[in-house]
Amino acid sequence: MTATTQRVPQEERTRLMRARLLEATVEVLTERGWAGTTTTLVSARAGVSRGAQLHHFPTKNALVVAAVEHVMAGRADELRAAVASYQGAKTRGVLEMLADHFTSPGFQAALELWVAARTDPDLLAAVAPLERRIGREAHRITVELLGADESAPGMRELIQATLDLCRGLGLADTLSDDAKRRGRILDEWAKVLEKETGDGS
């Protein structure tokens with residue numbers, strides 16, 4: 001067996017191990033919050049030895065930031081894939097999809113990270129660039145989904161208000177099931193967007 005054929009399985013095992021660690025981190029972070037998340041709990045949940053976990057992610061900060069980046073990138077991919085299916089759809093459908101994004105376990109894990117970073121300078125230094133990337137991507141995808149013309153006066157601000165609204169609804173959902181109220185709010189906001197974007201489809 002050549003060195004190349006030996007290396008590929010090892011690379012795949014490494015990739016799968018990292019994925020298990022990242023997914024387990026999001027699960028633990030969502031269930032227990034930042035304070036209750038430990039690298040010991042994560043490695044046990046992932047079925048990975050502590051030594052292997054520390055080899056890939058030597059600190060809790062490194063592990064959690066990588067996990068949130070991993071899961072939010074996956075959500076962004078899902079949003080991109082949904083663009084085609086939502087082409088020509090009603091604005092309300094797009095808002096529903098965005099609201100689902102901001103009430104997902106990935107967003108809840110990210111929220112735990114943002115709150116912890118507020119009083120942790122080291123964590124903030126790692127989180128701030130990630131948050132900016134996620135924010136830019138969410139804005140770009142929303143513009144694409146809505147077919148909005150950002151050269152129109154006030155349109156960029158309207159898109160940002162849409163994202164801020166959906167984030168706020170996601171925050172409200174962390175405390176209780178807010179689906180009914182969320183639905184009514186999205187109904188009304190869809191009317192605003194349809195009027196401003198000229199999309200009454």
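The values are calculated or read from the model by the stated rules, or taken from the named source; none is laboratory data. None of the values given here were measured: they were computed from a predicted structure. Ideal geometry is used to build each Cβ from the backbone, glycine not excepted, and the neighbour counts take in all protein chains shown.
Worth pointing out:
- The set of residues in the stretch 28-47 that are surrounded by 14 or more Cβ atoms within 10 Å (Cβ to Cβ) and out of contact with any helix residue (DSSP H, G or I) (no Cβ under 6 Å at 6 or more places or on another chain) comprises Glu31, Ala44.
- For Ser176, the criteria (1) surrounded by 20 or more Cβ atoms within 10 Å (Cβ to Cβ); (2) farther than 17 Å from Arg75 by Cα; (3) of a type in the set (Ser, Thr, Tyr) hold in every case but one, which is (1).
- Residues in the stretch 179-192 that are of a type in the set (Lys, Arg) and in contact with a helix residue (DSSP H, G or I) (Cβ under 9 Å, 6 or more places away or on another chain) were compared, and the one that is surrounded by the most Cβ atoms within 10 Å (Cβ to Cβ) is Arg182.
- Residue under evaluation Ser176, criteria (1) farther than 17 Å from Leu111 by Cβ; (2) out of contact with any Ser or Thr (no Cβ under 8 Å at 6 or more places or on another chain); (3) in a loop (DSSP other than H, G, I, E, B), criterion not met: (1)
- Failed criterion for Phe57 (all others in (1) at pLDDT below 90; (2) surrounded by 20 or more Cβ atoms within 10 Å (Cβ to Cβ); (3) not hydroxyl-bearing (Ser, Thr, Tyr) hold): (1)
- Residue in the stretch 26-42 that is touching a Phe, Trp or Tyr at 6+ places or on another chain (Cβ under 7 Å), at pLDDT 90 or above and not charged (D, E, K, R) present: no
- Criterion: in contact with a Pro (Cβ under 8 Å, 6 or more places away or on another chain), over 27 Å from Val143 (Cα atoms) and of a type in the set (Asp, Glu) - qualifying residue of Glu23, Glu27, Glu31: Glu27
- Yes/no for Val115 being within 25 Å of Glu23 (Cα to Cα), among the β-branched types (Val, Ile, Thr), touching a residue at least 60 places away in the same chain (Cβ under 8 Å) and buried (at least 19 other Cβ atoms within 10 Å of the Cβ): no
- Looking only at the stretch 168-177, and only at residues there that are under 16 Å from Glu96 (Cβ atoms) and touching a residue at least 40 places away in the same chain (Cβ under 8 Å), the one that is nearest to the chain's Cα centre (by Cα): Gly170
- Qualifying residue in the stretch 149-167 (condition: modelled with pLDDT under 90 and closer than 18 Å to Met97 by Cβ): no
- Single unsatisfied condition, His101 versus (1) at pLDDT below 85; (2) more than 13 Å from the chain's Cα centre (by Cα); (3) closer than 23 Å to Ala67 by Cα: (2)
- A single entry from Ala125, Ala148, Ala152, Ala138 fulfils the requirement of being in contact with a Ser or Thr (Cβ under 6 Å, 6 or more places away or on another chain) and either surrounded by 14 or more Cβ atoms within 10 Å (Cβ to Cβ) or of a type outside the set (Phe, Trp, Tyr) (or both): Ala148.
- Flag for Gln108 being in a helix (DSSP H, G or I), surrounded by 15 or more Cβ atoms within 10 Å (Cβ to Cβ) and polar (S, T, N, Q): yes
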